[in-house]
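Each remark here refers to the structure printed beneath this line.
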Amino acid sequence: MSALANNGCKQSPEEITGNEKGAPSLNPEYYNVAFLIMDGTYNTELTAPFDIFQHTQYRKNIKAMNTFTVANTTDPIITFEGIRLIPDFDYTKDSIPKIDILVVPSAEHHLDTDLNDTVMLNFVKRVDKEALFVTSHCDGAFVLAKAGLLDKVFSTTFPSDIGRYRVMFPHLKIKDSVLFVHDGKYITSAGGAKSFEAALYLAELLYGKEIAESLARGLVIDWDVDTVPKFIRQ
(Lines give C-alpha, C1' and ligand atoms only; values in the text may rest on other atoms or scores of the structure.)
Protein backbone atom coordinates (compact mmCIF):
# COMPACT_ATOMS: atom_id res chain seq x y z
CA MET A 1 0.00 0.00 0.00
CA SER A 2 1.57 3.23 -1.14
CA ALA A 3 0.18 5.21 1.76
CA LEU A 4 2.33 3.22 4.13
CA ALA A 5 5.50 3.91 2.25
CA ASN A 6 4.73 7.61 2.17
CA ASN A 7 3.89 7.97 5.82
CA GLY A 8 6.48 6.14 7.85
CA CYS A 9 7.68 2.62 8.45
CA LYS A 10 7.54 -0.14 11.03
CA GLN A 11 9.62 0.15 14.16
CA SER A 12 12.87 -1.76 14.15
CA PRO A 13 12.98 -5.08 16.05
CA GLU A 14 15.17 -3.74 18.85
CA GLU A 15 12.40 -1.31 19.79
CA ILE A 16 9.89 -4.12 20.25
CA THR A 17 9.31 -6.20 23.36
CA GLY A 18 7.57 -9.54 23.15
CA ASN A 19 5.72 -11.64 25.73
CA GLU A 20 5.89 -15.25 26.75
CA LYS A 21 2.66 -16.53 25.20
CA GLY A 22 3.21 -15.71 21.57
CA ALA A 23 0.85 -12.73 21.56
CA PRO A 24 1.75 -9.73 19.38
CA SER A 25 4.95 -7.92 20.23
CA LEU A 26 4.20 -4.70 22.03
CA ASN A 27 6.25 -1.54 21.82
CA PRO A 28 6.46 -0.07 25.36
CA GLU A 29 6.42 3.45 23.92
CA TYR A 30 3.02 2.98 22.26
CA TYR A 31 -0.54 3.20 23.49
CA ASN A 32 -1.97 -0.24 24.30
CA VAL A 33 -5.32 -0.73 22.57
CA ALA A 34 -7.31 -3.82 23.55
CA PHE A 35 -10.27 -5.18 21.57
CA LEU A 36 -12.73 -7.19 23.65
CA ILE A 37 -13.93 -10.13 21.54
CA MET A 38 -16.15 -13.15 22.04
CA ASP A 39 -18.17 -15.62 20.00
CA GLY A 40 -20.59 -13.67 17.85
CA THR A 41 -18.46 -10.51 17.57
CA TYR A 42 -19.41 -8.67 14.40
CA ASN A 43 -16.57 -8.35 11.89
CA THR A 44 -16.92 -4.69 10.97
CA GLU A 45 -17.10 -3.28 14.48
CA LEU A 46 -13.86 -5.14 15.22
CA THR A 47 -11.92 -4.67 12.01
CA ALA A 48 -12.82 -1.04 11.25
CA PRO A 49 -11.25 0.46 14.41
CA PHE A 50 -8.52 -2.18 14.39
CA ASP A 51 -7.46 -1.08 10.90
CA ILE A 52 -7.37 2.61 11.84
CA PHE A 53 -5.46 2.09 15.06
CA GLN A 54 -2.99 -0.50 13.78
CA HIS A 55 -2.08 1.73 10.84
CA THR A 56 -0.77 4.38 13.26
CA GLN A 57 2.35 2.19 13.44
CA TYR A 58 3.21 3.32 9.92
CA ARG A 59 3.14 7.04 10.71
CA LYS A 60 6.23 8.95 11.84
CA ASN A 61 6.77 11.05 14.95
CA ILE A 62 3.66 10.00 16.86
CA LYS A 63 2.95 7.76 19.83
CA ALA A 64 1.41 4.94 17.81
CA MET A 65 -0.81 2.10 19.00
CA ASN A 66 -0.23 -1.52 19.90
CA THR A 67 -3.39 -3.42 18.93
CA PHE A 68 -4.38 -6.75 20.44
CA THR A 69 -7.44 -8.82 21.30
CA VAL A 70 -8.65 -10.00 24.70
CA ALA A 71 -11.26 -12.64 25.44
CA ASN A 72 -12.24 -15.09 28.17
CA THR A 73 -10.22 -17.77 26.39
CA THR A 74 -7.28 -18.22 24.06
CA ASP A 75 -9.14 -20.93 22.13
CA PRO A 76 -10.45 -19.84 18.74
CA ILE A 77 -13.62 -17.78 18.79
CA ILE A 78 -16.02 -17.47 15.87
CA THR A 79 -17.29 -14.09 14.72
CA PHE A 80 -20.94 -13.71 13.73
CA GLU A 81 -19.89 -13.89 10.09
CA GLY A 82 -17.82 -17.03 10.66
CA ILE A 83 -14.20 -15.88 10.90
CA ARG A 84 -12.11 -17.90 13.35
CA LEU A 85 -9.94 -15.69 15.59
CA ILE A 86 -7.36 -16.68 18.19
CA PRO A 87 -7.43 -14.14 21.05
CA ASP A 88 -4.11 -12.70 22.09
CA PHE A 89 -4.87 -12.66 25.81
CA ASP A 90 -7.26 -14.46 28.13
CA TYR A 91 -8.42 -11.81 30.59
CA THR A 92 -9.53 -14.48 33.08
CA LYS A 93 -6.02 -15.76 33.70
CA ASP A 94 -3.31 -14.01 31.69
CA SER A 95 -1.18 -11.10 32.79
CA ILE A 96 -2.38 -8.35 30.48
CA PRO A 97 -0.47 -5.13 29.75
CA LYS A 98 -1.99 -1.93 31.05
CA ILE A 99 -4.76 -0.98 28.63
CA ASP A 100 -4.84 2.65 27.53
CA ILE A 101 -7.77 2.32 25.14
CA LEU A 102 -10.46 -0.35 25.39
CA VAL A 103 -12.57 -1.06 22.31
CA VAL A 104 -15.82 -3.00 22.71
CA PRO A 105 -17.10 -4.11 19.30
CA SER A 106 -20.69 -5.31 19.05
CA ALA A 107 -21.44 -9.00 19.47
CA GLU A 108 -24.48 -11.16 18.77
CA HIS A 109 -25.59 -11.42 22.41
CA HIS A 110 -24.75 -7.97 23.75
CA LEU A 111 -28.44 -7.28 24.26
CA ASP A 112 -29.11 -10.41 26.28
CA THR A 113 -26.89 -13.18 27.67
CA ASP A 114 -23.60 -11.27 27.49
CA LEU A 115 -25.06 -8.75 29.93
CA ASN A 116 -25.22 -11.52 32.55
CA ASP A 117 -21.50 -12.30 32.20
CA THR A 118 -20.24 -10.79 35.46
CA VAL A 119 -16.64 -11.87 34.81
CA MET A 120 -16.61 -9.95 31.53
CA LEU A 121 -18.39 -6.94 33.03
CA ASN A 122 -15.97 -6.84 35.96
CA PHE A 123 -13.05 -6.94 33.54
CA VAL A 124 -14.47 -3.93 31.71
CA LYS A 125 -14.89 -2.09 35.01
CA ARG A 126 -11.30 -2.83 36.02
CA VAL A 127 -9.90 -1.60 32.73
CA ASP A 128 -12.02 1.53 32.93
CA LYS A 129 -10.31 2.62 36.14
CA GLU A 130 -7.02 3.36 34.36
CA ALA A 131 -7.91 3.61 30.68
CA LEU A 132 -7.54 6.91 28.87
CA PHE A 133 -10.48 6.07 26.59
CA VAL A 134 -13.20 3.43 26.57
CA THR A 135 -14.99 3.04 23.26
CA SER A 136 -17.86 0.98 21.90
CA HIS A 137 -19.33 0.31 18.48
CA CYS A 138 -22.95 -0.56 17.79
CA ASP A 139 -24.38 -2.65 20.66
CA GLY A 140 -21.07 -2.63 22.53
CA ALA A 141 -22.66 0.34 24.29
CA PHE A 142 -25.00 -2.08 26.07
CA VAL A 143 -21.96 -3.67 27.74
CA LEU A 144 -20.60 -0.32 28.88
CA ALA A 145 -24.04 0.69 30.12
CA LYS A 146 -24.53 -2.57 32.02
CA ALA A 147 -21.12 -2.08 33.62
CA GLY A 148 -22.31 1.31 34.85
CA LEU A 149 -19.73 3.29 32.90
CA LEU A 150 -22.18 5.48 30.99
CA ASP A 151 -24.38 6.60 33.88
CA LYS A 152 -23.09 10.18 33.90
CA VAL A 153 -22.36 10.71 30.21
CA PHE A 154 -24.18 10.93 26.90
CA SER A 155 -23.99 7.86 24.65
CA THR A 156 -25.40 6.24 21.53
CA THR A 157 -25.71 2.83 19.92
CA PHE A 158 -26.91 1.10 16.74
CA PRO A 159 -29.75 3.21 15.31
CA SER A 160 -32.42 0.49 15.30
CA ASP A 161 -31.54 -0.48 18.89
CA ILE A 162 -31.93 3.02 20.36
CA GLY A 163 -35.46 2.18 21.51
CA ARG A 164 -34.35 -0.95 23.33
CA TYR A 165 -31.39 0.94 24.77
CA ARG A 166 -33.78 3.51 26.25
CA VAL A 167 -36.00 0.80 27.73
CA MET A 168 -33.15 -1.20 29.25
CA PHE A 169 -31.29 1.84 30.58
CA PRO A 170 -33.94 4.54 31.15
CA HIS A 171 -31.59 6.58 33.35
CA LEU A 172 -29.04 7.14 30.57
CA LYS A 173 -28.64 10.31 28.53
CA ILE A 174 -28.98 8.95 25.00
CA LYS A 175 -28.34 10.64 21.67
CA ASP A 176 -29.83 9.43 18.41
CA SER A 177 -29.36 10.59 14.82
CA VAL A 178 -25.58 10.79 15.34
CA LEU A 179 -22.75 8.53 14.23
CA PHE A 180 -20.80 8.84 17.46
CA VAL A 181 -20.85 10.49 20.86
CA HIS A 182 -17.78 11.63 22.79
CA ASP A 183 -18.34 12.50 26.44
CA GLY A 184 -15.38 12.52 28.82
CA LYS A 185 -13.27 9.46 28.07
CA TYR A 186 -16.15 7.53 26.52
CA ILE A 187 -16.75 7.30 22.78
CA THR A 188 -19.80 5.34 21.65
CA SER A 189 -20.66 4.87 17.99
CA ALA A 190 -23.55 3.73 15.82
CA GLY A 191 -21.30 0.96 14.53
CA GLY A 192 -21.27 -0.84 11.21
CA ALA A 193 -19.14 0.85 8.57
CA LYS A 194 -19.49 4.06 10.57
CA SER A 195 -17.13 2.54 13.13
CA PHE A 196 -14.42 3.98 10.90
CA GLU A 197 -15.63 7.50 11.66
CA ALA A 198 -15.49 7.05 15.42
CA ALA A 199 -12.00 5.54 15.18
CA LEU A 200 -10.76 8.31 12.91
CA TYR A 201 -12.20 10.87 15.31
CA LEU A 202 -10.16 9.40 18.17
CA ALA A 203 -7.07 9.34 15.93
CA GLU A 204 -7.59 13.02 15.11
CA LEU A 205 -8.09 13.80 18.79
CA LEU A 206 -4.77 12.15 19.67
CA TYR A 207 -2.66 12.98 16.64
CA GLY A 208 -4.24 15.90 14.83
CA LYS A 209 -6.03 16.41 11.53
CA GLU A 210 -3.09 15.67 9.23
CA ILE A 211 -2.46 12.20 10.69
CA ALA A 212 -6.16 11.33 10.71
CA GLU A 213 -6.50 12.35 7.07
CA SER A 214 -3.42 10.29 6.22
CA LEU A 215 -4.90 7.22 7.94
CA ALA A 216 -8.15 7.75 6.06
CA ARG A 217 -6.40 8.06 2.70
CA GLY A 218 -4.51 4.85 3.35
CA LEU A 219 -7.85 3.05 3.64
CA VAL A 220 -9.53 5.03 0.82
CA ILE A 221 -11.94 6.78 3.20
CA ASP A 222 -13.21 10.32 2.77
CA TRP A 223 -12.66 11.98 6.14
CA ASP A 224 -13.77 15.36 7.40
CA VAL A 225 -14.84 15.37 11.03
CA ASP A 226 -16.83 18.57 10.51
CA THR A 227 -19.26 16.80 8.19
CA VAL A 228 -19.96 13.85 10.51
CA PRO A 229 -23.19 13.90 12.58
CA LYS A 230 -21.88 13.68 16.13
CA PHE A 231 -22.26 14.89 19.70
CA ILE A 232 -19.15 15.95 21.59
CA ARG A 233 -19.03 16.98 25.24
CA GLN A 234 -15.48 16.67 26.60
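Observations, loosely collected:
- Placing unit charges on the Cβ atoms only, positive for Lys and Arg and negative for Asp and Glu, gives the chain a dipole magnitude near 580 debye about its Cα centre.
- Annotation: per residue accessible area for region 112-155 equals 40 Å², rounded to a whole number [probe 1.4 Å, protein chains only].
- Pairwise FRET efficiency - residue 78 versus residue 171, Cβ, R0 = 35 Å, nearest 0.05: 0.55
- Label point 7 Å beyond Cα of residue 25 along Cβ direction - residues of region 83-110 with amide nitrogen under 15 Å: none
- Comparing 92, 188, 41 in a Gaussian network model of the chain (Cα springs below 10 Å), the most mobile by mean-square fluctuation is 92.
- The chain - percent of accessible surface contributed by carbon and sulfur, probe 1.4 Å: 50 percent
- Between residue 108 and residue 63, full extension at 0.36 nm per residue minus the direct alpha carbon distance yields a gain of 12.9 nm.
- Taking Cα centre as origin and charging only the Cβ of basic (Lys, Arg, +1) and acidic (Asp, Glu, -1) residues, the dipole magnitude of region 113-188 rounds to 220 debye.
- Centre separation in Å (Cα based) which lies between region 140-167 and region 83-98: 25 Å
- Trypsin sites (Lys or Arg not before Pro) within region 58-165: DSSP coil, no more than 14 neighbouring Cβ in 10 Å: 60, 63, 93, 98, 152
- Mean ellipticity per residue at 222 nm, deg cm²/dmol - from DSSP H runs of n ≥ 4 across the chain, formula -39500 (n - 2.57): -8500 deg cm²/dmol
- Farthest positive-ward along region 134-234 dipole, Cα basis, beta-carbon charges - from 189, 202, 165: 165
- For the chain, convex hull of alpha carbons as volume per residue, Å³: 120 Å³
- Compared with the alpha-carbon gap, the fully stretched path from residue 217 to residue 185 is longer by 8.9 nm at 0.36 nm per residue.
The values are calculated or read from the model by the stated rules, or taken from the named source; none is laboratory data. Everything quoted here is computed from the prediction, not taken from an experiment. Because the Cβ atoms are built from the backbone with ideal geometry, glycine has one as well, and the counts that use them run over all protein chains shown. Areas reflect the complete protein model, heavy atoms only, side chains present, ligands, DNA and RNA absent. Shrake-Rupley method; radii C 1.70, N 1.55, O 1.52, S 1.80 Å.
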